[in-house]
Amino acid sequence: MVNRDIYKGRQFIILFFFGIVAIIYVIRLFFLQVIDDKWKSAAENNAIRRIVNAAPRGVIYDRNGAILVDNEMSYDLMVVPFNVKDLDTIELSFILGIDTADLMARLRKAKAYSSYVPSVLVKQLTPQMNAYILERSHKYKGFYVYPRTVRKYHTSGAAHSLGYIAEVNYNDMEKDNYYALGDYIGKSGIERYYETDLRGTKGVRYVLVDNFRRDKGSYKNGELDIDAVPGKSLWCSIDKELQEYGEKLMKGKRGSIVAIEPSSGEILALVSSPSYDPSLLIGSDRGKNYMKLQNDSVNKPLFNRALMAQYPPGSTFKLVNALVFQQAHIVNNSTLYSCSMGYAYGNRKLGCHGHASPLDIIGSVQNSCNAWYCRGLVSMLENRKYYKTTEDAYNHWYKMVTQLGFGQKFNSDLPYELTGFIPSAEFYNKHYGQGRWKATTINSISIGQGEINATPIQLANLVSTIANRGYYYPPHIVKAIGHKDSLNTSFNQKKQSGIESKYFEPVILGMERAVTGGTARRAAVPGYRVGAKTGTAQNPPYADHSLLVCFAPLENPKIAISVIVENGGFGATWAAPIASLMMEKYLTDTITRPDLEASIANRSIYYVK
Amino acid sequence: MKSRFDKRLIVYYLILVFIGFLSVLSTSYKQGHFSFQTSYGYQLIWIATSIILAIVICVFNNRFFWHAAPWLYTFFTIMLVVVVLFGTERSGAKSWLGIGNFGIQPAEFAKYATCLFLARRLSDMHCDLSKKKSLIPILVIIGIPIGLILLQNDTGSALPLLFLVFALFREGLTPWILIIAVCAVVLFVLLVYLPQWIVFALVVLLFAWMMFRLRKRKKYHLGLIIVFIIVTTYIFTVDLVYNQVLKPHQKQRIELLFGKINDTKGIGYNVNQAKIAIGSGGFFGKGFGNGTQTKLNFVPEQVTDFIFCTIGEEGGFVGTTFVIVIFVLLIGRIISIAEKSQNAFVRSYGYCIASIFFAHVAINIGMTIGLMPVIGIPLPFISYGGSSLWAFTLMLFTFVMESRNDNWD
């Protein structure tokens, strides 16, 4: 018999060992559960998915409330491979218009990605496909249709102004952490400038997911969820009909039409030709179409000529000089300059065409006399009563010209405008040497040739300023944000031109006479008093550009226009009738001269470049 | 003589079973409809049958299990053989015996039978664990089920039987076994973190110091040298044994435990998710039914081997500590009753089941909190599953019944 009571003490060793283990475990649990926070966030990352709902993008209306761009539901066919049962692949491939092998390949790809997480099987179903599948949804277990919104254009025009949206790239996401992969962002035009207004606010939904990331219902009954806020609507200053009409007239020609409402600076039409249908840049073919447009190096449809093309303004620039010379007290209503088929200086001569001589300001505008402006510029730059040197005089001239909006951007909501070019005194100093140039050296600038370049919108703004007799509002393209009657206040600050109002009257009178009995007769609009100035910008070795700036009605201007038809020859030939039709369309909403319209719209200019 | 069942043991049992049911319910209950065709539905059936089983046991004569022990042991040993030959395989281990739609795991019951038979053997007045003659049959009794369970490819289930060494220790087994085991584990852990030659150098230093201290007592010298040779052999062969004997997944689990593998997706997924679930519970837990990690299947085997995660996530530190305290009280109470018993069989049996319970609790909870390698064995009374609940109920209530007439308190 063994007495094991001698081992009784061993119970305490055993109990001690068990107890130590228990204490170690409790300490470990204390660290795991109470001290260390990382497990809590890991748990949330595990089980809570943040699902972002895109906000519908703001609608863009024209100035009269017609929809230019809105959203359309687009349906993607989604598949959860795990739930697919008894699939009739032949019928489904028939509905989707793809062959069965392609369908099977897509299904395999989806399954390879995940059996439980939905994958996109087919993007952007047609409405018929959608209807077919919804009708037969009981047959297609594991499939469902996921709605998303895409842009829908209600106009084939205004592509450059409206711009387009595209999926964000890495840089966009870097710059603004609002964006996540797959989001859309305005890439140009209004879509870009007003991105923050149009995009709205994304909604967030928190859902619980399991280890296969299957949706298991909302987290905390959705109390943390945020509804998406739709983007704000925009009322564009564009007149849809006028815009489309302008594009129709410009068909087959290169150039642009810019129409501005002088009293507000609102752009009524911004035509750049050739253009493209904005609908090309939505949907699944966006990338392909964009490359096609970008690679069209002959027509350059993506190039917005209205804002970016820089032309010598030609005779339209005489309006500027007529104003500047008056303001500088170089000429007045009684100043007469003679012209003998041009202006001779040294052994050179700047030619002119036949007209009465001598001319006052009014006559010089009406007849577009080159000599008059050469003499005016010489009188100003070589005037030693007002200015110590030619350079001083030139600086004064330069200051007044730039104050009219030339040589700089308006920096409004127009994307990618260029500045044009007004040479500074330093420019000439560099080129000719300080003190080595005088009025006659640079006198081609008096008639808008030489170094001077202007963009179509700058010319339109010039006529707008003239129509307003002294001031302008920066041209802009969005009237109202959020509410139709709200004013887009960013651009309603009046800019003074620095030219006194009284100096405009003779210029305007000259412009009117140019229409009634001068170079711009073809710009006339029946029943309205119109002021216009033609321009013919030399473009050696190619044909001249045809320019016209105009506004109407004279007494109460409603529209100011600049038209440029590249290689169109004389301003009167192409630009004047186009401007006339545009004004008539806008002012009367009817066209009384359908023959003229047809002859303009249907004729193309053959471009060799 | 008046029968007195130990109320405390019964209360601890009921608490643990109730916590187990709540945990299973929490992870598998779907709002709105109750069904028996779910995990909690089955668990309810198993709890009910277990309680019936417990009541049935309590009406037996308290010599019954002493008599039945060899027969039960033989029966379940045969069952283990049957499983090895005809069992069904589930998740890599061939440990299930299918009877109709039901499957049982004989290994769980074999542990019960082993405890009974071992206790009977130990309570034999001629059994002296310091004698080889007595020790060998004991090792055979424990060795047979271990061998058969290993043949089922279910290393985890065999492991708790090794913990019976605590019971043997109480009944007179030389403490050297425990000391050697502890030394082997310590050396192993050292070898995981340190290069072999550093460990060897440390051992050389230790023995040199001991030789120096014992330089005058010649009788120890031979022993010390033999121990030194054994330890050296261990140091240089453990690597080999480790690589040859353990399966790749077992090695990975051990390496994961010691932080040799840093992985949260593949082999480390289970443990990482278990820690996330428990760690996210915080002090008070997320509340019943609010555990996202366990409810949403992030934790694998969440109602069986990893059920402690649900307790940790929903009950927080309070819940986990409570469960550990209940287990400590339960095991402590068993040992206390065993010590007070006049009956050697009751005492030995008490120590046997206390060892088994301790093994299961320590390994299971240790695994979920990253203190033990992943070994798939159930948490007694709490884990989902019929076999384990029945087997643990049998173990505990056999003890409750056997000890009823003892003058404890």
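With springs only between Cα atoms under 10 Å, which of B:Ile180, B:Ile267, B:Ile276 fluctuates most in a Gaussian network model of chain B?
Per the Cα network of chain B with a 10 Å cutoff, B:Ile180 tops the list.
Relative contact order for chain A: what percent, with Cα pairs under 8 Å and sequence separation of 6 or more?
Value for chain A: 14 percent.
In whole Hz, with x marking every Gly and Pro, tabulate ³J(HN,Hα) for the stretch A:346-355 from phi via Karplus 6.51 cos²θ - 1.76 cosθ + 1.60, θ = phi - 60°.
x, 9, 10, 9, 9, x, 8, 9, x, 7
Putting +1 on Lys and Arg Cβ atoms and -1 on Asp and Glu Cβ atoms, find which of B:Val165, B:Ile198, B:Val56 reaches farthest to the positive end of the dipole of chain B.
Most positive-ward Cα: B:Ile198.
With a 1.4 Å probe and every protein chain kept in, tell me what percent of the accessible surface of the protein assembly as shown is carbon plus sulfur.
Of the solvent-accessible surface of the protein assembly as shown, carbon and sulfur hold 59 percent.
Once the Cβ-Cβ distance between A:Met73 and A:Thr419 is put in as r, and R0 is 41 Å, what FRET efficiency do you end up with, to the nearest 0.05?
0.45
Run down the aspartates and glutamates and flag those whose C-alpha is under 18 Å from the C-alpha of B:Lys260, throwing out any fewer than 8 positions away in its chain.
Leaving aside aspartates and glutamates fewer than 8 places away in the same chain, those within reach of B:Lys260 are B:Asp239.
For chain B, how big is Rg over Rh, using alpha carbon atoms and the Kirkwood form of Rh?
Checking Rg against Rh, the ratio lands at 0.99.
In nm, give the distance between the simple-model label positions of A:Asn64 and B:Phe60, each being 7 Å from the Cα along the Cα-to-Cβ direction.
Each label point is offset 7 Å from its Cα along the Cβ direction, giving 9.9 nm.
Treat each spin label as a single point 7 Å out from the Cα along the C-beta direction, and report the A:Thr201 to A:Tyr345 distance in nm.
In this crude spin-label approximation the distance works out to 6.3 nm.
Check the cysteines of chain B one by one and keep only those with no other cysteine Cβ under 4.7 Å from their own.
Cysteines lacking a close Cβ partner in chain B: B:Cys58, B:Cys127, B:Cys183, B:Cys309.
Could you check how many percent of all C-alpha pairs in the stretch A:240-601 are farther apart than 33 Å?
Tail of the P(r) past 33 Å holds 27 percent of the pairs.
Enter the accessible area of A:Asp360 (Å², nearest 10), with the probe set to 1.4 Å and all protein chains included.
Estimated to the nearest 10 Å², A:Asp360 gives 40 Å².
Counting only Cα, what are the radius of gyration and maximum Cα-Cα distance Dmax of the stretch A:236-295, in Å?
Every Cα atom of the stretch A:236-295 included, Rg and Dmax give 13.8, 42 Å.
Looking only at the stretch A:61-98, which residues have a backbone nitrogen under 20 Å from a spot 7 Å from the Cα of A:His483 in the C-beta direction?
Counting only backbone N, you get A:61-66.
Can you return the lysines within cross-link range of B:Lys295? Criterion is Cα-Cα under 21 Å, with same-chain partners fewer than 8 residues away left out.
Cα-Cα hits under 21 Å: A:Lys38, A:Lys40, A:Lys216, A:Lys220, B:Lys30, B:Lys265, B:Lys275, B:Lys286.
Beyond a 25 Å Cα-Cα separation, which of these cross-linked pairs lie in this structure: A:Lys409/A:Lys484; A:Lys240/A:Lys484; A:Lys288/A:Lys479?
Over 25 Å apart, Cα to Cα: A:Lys409/A:Lys484; A:Lys288/A:Lys479.
Taking one equal scatterer on every alpha-carbon of the stretch A:60-188, how large is log10 of I(q)/I(0) by Debye at q = 0.15, 0.17, 0.19 1/Å?
Log-scaled intensity ratios, in q order: -0.86, -0.97, -1.06.
Just to check I understand the Karplus step: with θ = phi - 60° and J = 6.51 cos²θ - 1.76 cosθ + 1.60, what whole-Hz values come out for the stretch A:579-596, glycine and proline as x?
Coupling constants for the stretch A:579-596: 4, 4, 5, 4, 5, 4, 4, 6, 6, 10, 6, 9, 10, 8, 10, x, 5, 4 Hz.
Counting only residues 5 or more places away or on other chains, whose amide H sits under 5 Å from the amide H of A:Asp225 once H atoms are built in the peptide plane?
Sorted by chain and number, the residues that satisfy this are A:Tyr206.
Counting only residues 5 or more places away or on other chains, whose amide H sits under 5 Å from the amide H of A:Phe421 once H atoms are built in the peptide plane?
Distant-sequence amide H within range of A:Phe421: A:Gly407, A:Asn453, A:Ala454.
Indicate the helices, whole DSSP H runs only, in chain B that combine a mean Kyte-Doolittle hydropathy of 1.0 or more with a Cα extent along their long axis of 20 angstrom or more.
What comes out of the filter, once short or polar helices are dropped, is B:7-28, B:39-58, B:64-86, B:132-151, B:176-193, B:196-213, B:219-245, B:307-340, B:344-368, B:386-402.
Given the options A:Met511, A:Tyr542, A:Gly527, identify the residue whose Cα lies farthest towards the positive end of the charge dipole of the stretch A:491-553 (+1 on Cβ of Lys, Arg; -1 on Cβ of Asp, Glu).
So the residue we want is A:Gly527.
No solvent, one uniform scatterer per C-alpha: report log10 I(q)/I(0) for the stretch B:180-245 via the Debye equation at q = 0.14, 0.20, 0.21, 0.23 1/Å, two decimals.
The Debye formula, applied to the Cα set alone, gives -0.45, -0.82, -0.88, -1.01.
Excluding A:Val150 itself, what net charge comes from residues whose Cβ is under 14 Å from its Cβ, given Lys and Arg +1 and Asp and Glu -1?
-1
Among B:195-203, A:558-566, how do they line up from the highest to the lowest mean number of other beta-carbon atoms within 10 Å?
A:558-566, B:195-203
Please work out how much accessible surface A:Met173 shows to a 1.4 Å probe, ignoring ligands, DNA and RNA, in Å² rounded to 10.
50 Å²
At a probe size of 1.4 Å, how large is the accessible area of B:Ile230, to the nearest 10 Å²?
110 Å²
What would the Debye formula give as log10 I(q)/I(0) at q = 0.05, 0.09, 0.10 Å⁻¹ for the alpha-carbon point model of the protein assembly as shown, no solvent?
-0.58, -1.00, -1.14
Which shape class, rounded, prolate or oblate, goes with the stretch A:73-148 when its Cα gyration tensor gives a ≥ b ≥ c as root eigenvalues, a/c under 1.5 marks rounded, and past that a/b bigger than b/c marks prolate?
Judged from the Cα gyration tensor, the stretch A:73-148 comes out rounded (a/c under 1.5).
For A:Val478, list long-range residues whose amide hydrogen, built 1.01 Å from N in the peptide plane, is under 5 Å from its own amide hydrogen.
A:Ser237
Largest first, what is the accessible-area ranking of A:Tyr113, A:Tyr337 with a 1.4 Å probe?
The most accessible residue leads, giving A:Tyr113, A:Tyr337.
Find out how many positive minus negative residues lie around A:Val84, taking Lys and Arg as positive, Asp and Glu as negative, among other residues whose Cβ is under 9 Å from that of A:Val84.
+2
The values are calculated or read from the model by the stated rules, or taken from the named source; none is laboratory data. Note that the structure is a prediction, hence the values are computed from the model and not measured. Note that we place each Cβ from the backbone using ideal geometry, even for glycine, and neighbour counts take in every protein chain shown. Calculation scope for accessible area: heavy atoms of the full protein, side chains included, ligands and nucleic acids excluded. Shrake-Rupley method; radii C 1.70, N 1.55, O 1.52, S 1.80 Å.
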